[in-house]
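The values are calculated or read from the model by the stated rules, or taken from the named source; none is laboratory data. The structure displayed is predicted, hence computed values, not measured ones. Neighbour counts run over all protein chains shown; Cβ positions are idealised from the backbone, glycine included. SASA here: full protein model, heavy atoms, side chains in, ligands and nucleic acids out. Shrake-Rupley method; radii C 1.70, N 1.55, O 1.52, S 1.80 Å.
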Amino acid sequence: MSGLAQLLSSHGLSYDFMIKATFYFVAGLTLLFALLVVLSRNIFHVAIYLAMTLIGVACVYLYLDAEFLAIVQVLIYVGAIVTLFIFTVMLTADINAGSVGAMIGRVSAAALVSLATFFILTHIITMTTWSAAPPAETSVGLPQLGKSLMSQYALPFEVISLLSLAALVGAIVIGKAQKR
Amino acid sequence: MIPQSHFLLLGAALFSIGLFGVFTRRNAIGILMSIELILNAANINLITFSKFSGSPDGTGQIFALFVIAIAAASAVVGLCLVISIYRNSKTILINKINLMKW
């Protein structure tokens, strides 16, 4: 890391500045793709934009020192869930014809509600005084994460495995073709 | 260092975009995708608070892990329902699905 910092400072850039610049670039790109997810009219393109948004969120996790979460995000969301979405799009919708866009009458009301939500949240966040910087050396490593998952959070871990099993069986039962 | 409020603002913006999608999408699959956006916004908030509160055991990250697992389960069941509905009524546009309306 210090080598990278030296290389950057030799070009007149500070390491801190680069961190900030890349974060705001990634955050802006994530929000752009999220808007495309909501506004695009082709449902197949929406699935691709969703994958890009999820990769952007994984990059944001990296800025929060959550490397394991970033990898899990890419593996499970982009690898599994988006693939599932694409399969469902292929199996159901006529991609262009009926699946387009939004109900026209509802768009303005929906925009009003979501903009109001955003401004209320923004107001609350900017009013509150947050701690300026994280306490020193708070990054949680993978060993620590695994340890607390196996000791302190062992019961929720088992419950979630049961939930996954139930979802698996439920999906098979619901998706099975009915006999006529 | 990037201040905490900027991560929270990113989460708020992502949540609002997902909310807009849930309200306006006519395709059931599109609604499920917008719900995934909302869950991701919640995850960003959880991990932000986990980092900036300085809890050493990573409770927020584990909570986010559980959210991801439950999101996967809900997506599987939701998409199965969509396929089942499509098989029965040949459409997944939610204003055409009125089987259980009066």
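Residue by residue through segment B:26-48, note down the ones that are facing chain A (nearest Cβ under 7 Å), without any contact (Cβ under 8 Å) to a residue 60 or more places away in the chain and farther than 18 Å from A:Glu67 by Cα.
Across segment B:26-48, the qualifying residues are B:Gly30, B:Met33, B:Ser34, B:Glu36, B:Leu37.
Applying the selection to segment A:106-116, what residues are at pLDDT below 95 and either hydroxyl-bearing (Ser, Thr, Tyr) or open to solvent by less than 70 Å² (accessible area, probe 1.4 Å) (or both)?
Answer for segment A:106-116, where residues must be at pLDDT below 95 and either hydroxyl-bearing (Ser, Thr, Tyr) or open to solvent by less than 70 Å² (accessible area, probe 1.4 Å) (or both): A:Val107, A:Ser108, A:Ala109, A:Ala110, A:Ala111, A:Val113, A:Ser114.
From B:Ser5, B:Ser16, B:Ser84, B:Ser89, grab the single residue that is more than 8 Å from chain A (Cβ to nearest Cβ) and without any contact (Cβ under 8 Å) to a residue 12 or more places away in the chain.
It is B:Ser89.
Here are A:Ser99, A:Ser10: which of them is more than 21 Å from the chain's Cα centre (by Cα), at pLDDT below 95 and open to solvent by 40 Å² or more (accessible area, probe 1.4 Å)?
So the residue among A:Ser99, A:Ser10 that is more than 21 Å from the chain's Cα centre (by Cα), at pLDDT below 95 and open to solvent by 40 Å² or more (accessible area, probe 1.4 Å) is A:Ser10.
Here is a yes/no grid of residues against (1) more than 9 Å from every other protein chain (Cβ to nearest Cβ); (2) crowded, with 24+ Cβ neighbours inside 10 Å; (3) touching a residue at least 60 places away in the same chain (Cβ under 8 Å):
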| position | (1), (2), (3) |
| --- | --- |
| A:Ile43 | no, yes, no |
| A:Val46 | no, yes, no |
| A:Cys59 | yes, no, no |
| A:Glu67 | yes, no, yes |
| A:Leu75 | yes, no, no |
| A:Thr88 | no, no, no |
